[in-house]
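One structure below.
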Amino acid sequence: MADRVTVIGWDGSPLTAAARSALGAATLVAGAAHHLALPEVPPAAERIRLGSLALAARRIAAHRGTAVVLADGDPGFFGVVRTLRAPEFGLEVEVVPAVSSVATAFARAGMPWDDAQVVVAHPRTLRRAVNVCRAHAKVAVLTAPGAGPAELGLLLEGVHRTFVICEELGTEREQVSVVTSDKAADHSWRDPNVVIVIGGTAPPAGPAEGGGWIAGRDPATGPRGWVQPDETYGGGLGEGETELLRAAQLARLGPRVGDLVWDIGCGSGAFAAEAARAGAAVIAVDRLPRACERTDAAARHFGVQLQVIHGTAPHVLENLPEPDVVRVGGGGAAVVSAVADRRPQRIVTHAATRDAAELVGRDLTEHGYRVECALLQSVELDTRAWTETERNVAFLLSGVLPDRAP
């Protein structure tokens, strides 16, 4: 096992005395090609080109001597420290940090970043990173080959964002470019890069002085409660939009950061806005222009990001990006069947009669979903006289795809 492992962050500035001392004593040095070319790397040291971090960690663990790992930016921020600290390798790690590439990117852009979301995009996580960019007004994306600015722009089709693309930060080839998301695919971009994604509806303004109290999205933004009273949305809600039914729908779907939610038959925009408040990306669809206008207004009221599409389901769904969870607020069994063909993790809908509920339930079962149905009855009472003022009854159906759960 290596006698000592020192991880040195490198941001392009001269190495500190501590970093130079550790590097000078190293008998094994691991890093990218530009790290291994640094003049401070001892000529006699064994050199490992970092590719697979797990493979490099095993080689370091087996090395008898002093090892140094060089990494761009702060190696403890989405960096190599997490892998090296894994119990399976048994390594004791000392870290010499540097400025993270995210901090550097925002510094180049002259912007604060305590209110930004930060995500890592690999080919396997690209879709979820894009969903965060859909849902939030300021996101920093640490990219990878095959999941860079061009791919981000292509997957954000229909959603306007501004990209600040920072290539090869800290090197002589550093370059910062500003393009709109629809133009990002027209260029070739050098790795490594960081993309700052800006745009959409800004959240309600925070205090003028002192800033916020938590990094990223402030969970206290907006009114308290998963769902809001019906009157918040101006009245005229459909039968599938009542407050308690919305609460049950949200509970069954569980939208979260990185998800893409479809809200089909969005009506007033109540469910769409509340799913977006949970941090998910939302595409809201309705055939009525007035419903689309109301949904836009709900998004502006709560300061959330929504993509609203005017069209009739199921035909309008064909070109939409793949959803994680779906609420079907209108369209009946035909729309539920079309949604099930796209294989989201969860689907929720409602029916006014038992016959309609049975029809939808059979279709979901035939598509391989595990179906649950509950008869929900809500009764509003005047608490002065404890008399009934309004009653709502609906069948709530939910389907969970076992091979994609949770």
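The values are calculated or read from the model by the stated rules, or taken from the named source; none is laboratory data. Note that the structure is predicted; figures quoted are calculated from it, not measured. Neighbour counts run over all protein chains shown; Cβ positions are idealised from the backbone, glycine included. Protein only, heavy atoms only, side chains kept; ligands, DNA and RNA dropped before computing areas. Shrake-Rupley method; radii C 1.70, N 1.55, O 1.52, S 1.80 Å.
With +1 on each Lys and Arg Cβ and -1 on each Asp and Glu Cβ, and nothing else charged, work out how big the dipole of the chain is about its Cα centre, in Debye to the nearest 20. Don't skip to the end; give the middle numbers.
Values: 39 positive and 47 negative charges, 178 e Å.
Dipole magnitude for the chain comes out near 860 debye.
Phi-derived couplings, Karplus 6.51 cos²θ - 1.76 cosθ + 1.60 at θ = phi - 60°, listed residue by residue for region 11-18: 10, x, 7, x, 5, 6, 4, 5 Hz, with x used for Gly and Pro. Of the residues Q249, H122, A140, the one whose Cα sits farthest toward the positive end of the charge dipole of region 117-251, with +1 on the Cβ of Lys and Arg and -1 on the Cβ of Asp and Glu, is H122. Only one item in (i) 0.98; (ii) 0.95; (iii) 1.07 matches Rg/Rh (Cα atoms, Kirkwood Rh) derived from the coordinates shown, and that item is (iii).
For region 248-335, which GluC sites (Glu not before Pro) are both in a DSSP coil and crowded by at most 11 other Cβ atoms within 10 Å? Mind showing how you got there, number by number?
Values: sites: E274, E293, E318; in loops: E318.
Filter output for region 248-335: E318.
For region 16-71 and region 84-154, what is the centre-to-centre distance using only Cα atoms, to the nearest Å? For region 16-71 versus region 84-154, the Cα centre distance is 24 Å. For T295, T27, T389, the ranking by accessible surface with the largest value first comes to T389, T27, T295, using a 1.4 Å probe.
Close amide-amide hydrogen proximity is noted between R342 and no other residue 5 or more places distant or on a separate chain, at a cut-off under 5 Å (H modeled in the peptide plane; Pro and chain starts excluded).
Phi angles of region 47-62 translate, via the Karplus equation with coefficients 6.51, -1.76, 1.60 and θ = phi - 60°, into HN-Hα couplings of 10, 10, 7, 5, x, 6, 5, 5, 5, 4, 5, 5, 5, 5, 4, 7 Hz per residue; Gly and Pro are given as x.
Projecting the Cα atoms of L169, I60, A272 onto the dipole axis of the chain, where Lys and Arg carry +1 and Asp and Glu carry -1 at the beta carbon, places I60 farthest toward the positive end. Once backbone amide H atoms are built at 1.01 Å from N, A284 has D263, Q307, V308, I309 as its partners under 5 Å, excluding neighbours fewer than 5 places away on the same chain. Amide H contacts under 5 Å for A30: I48, V68, V69, L70, restricted to partners 5 or more places along the chain or on a different chain, H placed in the peptide plane at 1.01 Å from N.
Reducing region 299-335 and region 242-295 to their Cα centroids gives an inter-centroid distance of 8 Å. Compute the long axis of helix 289-302 from its Cα atoms, compare it with the longest principal axis of the Cα atoms of the chain, and write down the angle in degrees, 0 to 90, nearest 10. Its long axis makes an angle of about 50 degrees.
Each residue of region 223-240 was assigned a 3J(HN,Hα) from its phi angle through the Karplus curve 6.51 cos²θ - 1.76 cosθ + 1.60 (θ = phi - 60°); the sequence is x, 6, x, 5, 10, 10, x, 4, 5, 4, 9, x, x, x, 6, x, 5, x Hz, with glycine and proline shown as x. For the pair L375 and L288, the difference between a 0.36 nm per residue extended length and the Cα-Cα distance amounts to 28.5 nm. On the principal axes of its alpha carbon atoms, region 37-162 extends 54, 30, 26 Å, with the longest extent given first. Computed from Cα atoms, the angle from the helix 126-135 axis to the main principal axis of the chain rounds to 60 degrees.
Extent of region 310-405 along its three principal axes (Cα atoms, max minus min coordinate, largest first): 52, 31, 24 Å. Comparing V328, G153, W262 along the charge dipole axis of the chain, the residue lying farthest to the positive side is G153, per the Cβ-charge model.
Compute the relative contact order of region 263-333 as a whole-number percentage, counting only Cα pairs closer than 8 Å that sit 6 or more residues apart in sequence. Write out the running numbers ahead of the final one.
On the way: 118 pairs, mean separation 27.2, N = 71.
Value for region 263-333: 38 percent.
Taking all protein chains together and a 1.4 Å probe, the residues K183, K138 rank K183, K138 from largest to smallest accessible area. In degrees, nearest 10, range 0 to 90: what is the angle between the Cα axis of helix 243-253 and the longest Cα principal axis of the chain? With rounding to tens, the tilt is 40 degrees.
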